Structure formats: C-alpha cells, structure tokens
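**Student:** Sharing a structure here in structure tokens format.
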Amino acid sequence: MAAEGARRVGVTGLLDTNVALYLLGGRLEAPLPTGDYGVSVITEMELLSWPSLTRDEETRLDTFLSHVIVCDLTPAIRKQAVLLRRDVRLKLPDAIVCATALEYGVELWTNDARLAKVSGLACRSVTLKI
C-alpha cells in the first residue's frame, strides 16, 4: 500500500508547485517544520519546464529536487487523479498532485484554495512575506 510506503520513508508532507516556488524564492514568512518533504512528479515537471528558466535556476532546482522525495505516478495515483478530474473538475496536474497526497496519506502544502476544498484531502497553507 502506497500510504504505508510513504510513512516508511518519512514523508512529512507534499509540496504543491506554488509552495515550492515560494520556498525557493525566499517568500515564506516562516520556515517549513522540520521533516522530509515530497513533491509530485508533476511539480518536478512544472518547476523544470518553466520557459524562462536560466541555467543557474535549473541548478538550484536540481539541488532542491535532490533534497525532496519525488513521488512518481503509480496505478493507484493515476486512478485517483482520473476520479478527481472527473468528479471535482480539477485540472489534470492539480488532480495528480492531490491524488499523490491522498495516496501517500500526507498533508498537501498549498496556497490554492480550490485544492483545500477536495474532500478527504488534508491541506496546509503557508504565510508569505509582505
């Protein structure tokens, strides 16, 4: 079962792309609690495919990604994402991120209010510097 596997590797929470960007940009008011965080393969792809990404930024992203657990798509995550896309009408990348958090049984760190309304999904938001 994937949720047990996630707990075995000690995933504290899953970072949505927006929170990863805020963290990388130094925009968090307070640091994330100590722990081991993961990102969905979708977040990894979104971060690395930014059109104006410089070599220095790509190096920084590679370093960041080497310090988090990148959660690949499993059959269970794909199935859950399809259901979320169809039933909740989320965009496919958002559905995959939510399905990943649900499958791993961890909180999703996101500032996307729409994702926080997904039934059964535990979410936490971050406070940004002004």
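The values are calculated or read from the model by the stated rules, or taken from the named source; none is laboratory data. Model, not experiment: these values are computed from the prediction. Positions of Cβ are backbone-derived with ideal geometry, glycine not excepted, and every protein chain shown enters the neighbour counts. For accessibility, only protein heavy atoms count, side chains too; no ligands or nucleic acids. Shrake-Rupley method; radii C 1.70, N 1.55, O 1.52, S 1.80 Å.
**Student:** Can you name the condition, by its number, that ASP72 falls short on among (1) open to solvent by 70 Å² or more (accessible area, probe 1.4 Å); (2) touching a residue at least 24 places away in the same chain (Cβ under 8 Å); (3) in contact with a Leu (Cβ under 9 Å, 6 or more places away or on another chain)?
**Tutor:** (3)
**Student:** Could you check the range 33-51 and list, in sequence order, the residues that are modelled with pLDDT under 95 and open to solvent by less than 50 Å² (accessible area, probe 1.4 Å)?
**Tutor:** The answer is GLY35, and nothing else.
**Student:** Follow-up question, since we're still on this one. Give ARG89, ARG60 a once-over and let me know the one that is open to solvent by 40 Å² or more (accessible area, probe 1.4 Å) and outside any loop (DSSP other than H, G, I, E, B).
**Tutor:** ARG60
**Student:** Identify all residues within the range 71-99 that are closer than 16 Å to ASN18 by Cα and under 13 Å from the mean Cα position of the chain (by Cα); write none if there are none.
**Tutor:** Matches in the range 71-99: PRO93, ASP94, ALA95, ILE96, VAL97, CYS98.
**Student:** HIS67 versus (1) more than 18 Å from ALA122 (Cβ to Cβ); (2) in contact (Cβ under 8 Å) with a residue 12 or more places away in the chain; (3) touching a strand residue (DSSP E or B) at 6+ places or on another chain (Cβ under 9 Å): which is the lone unmet condition?
**Tutor:** Condition (2) is where HIS67 drops out.
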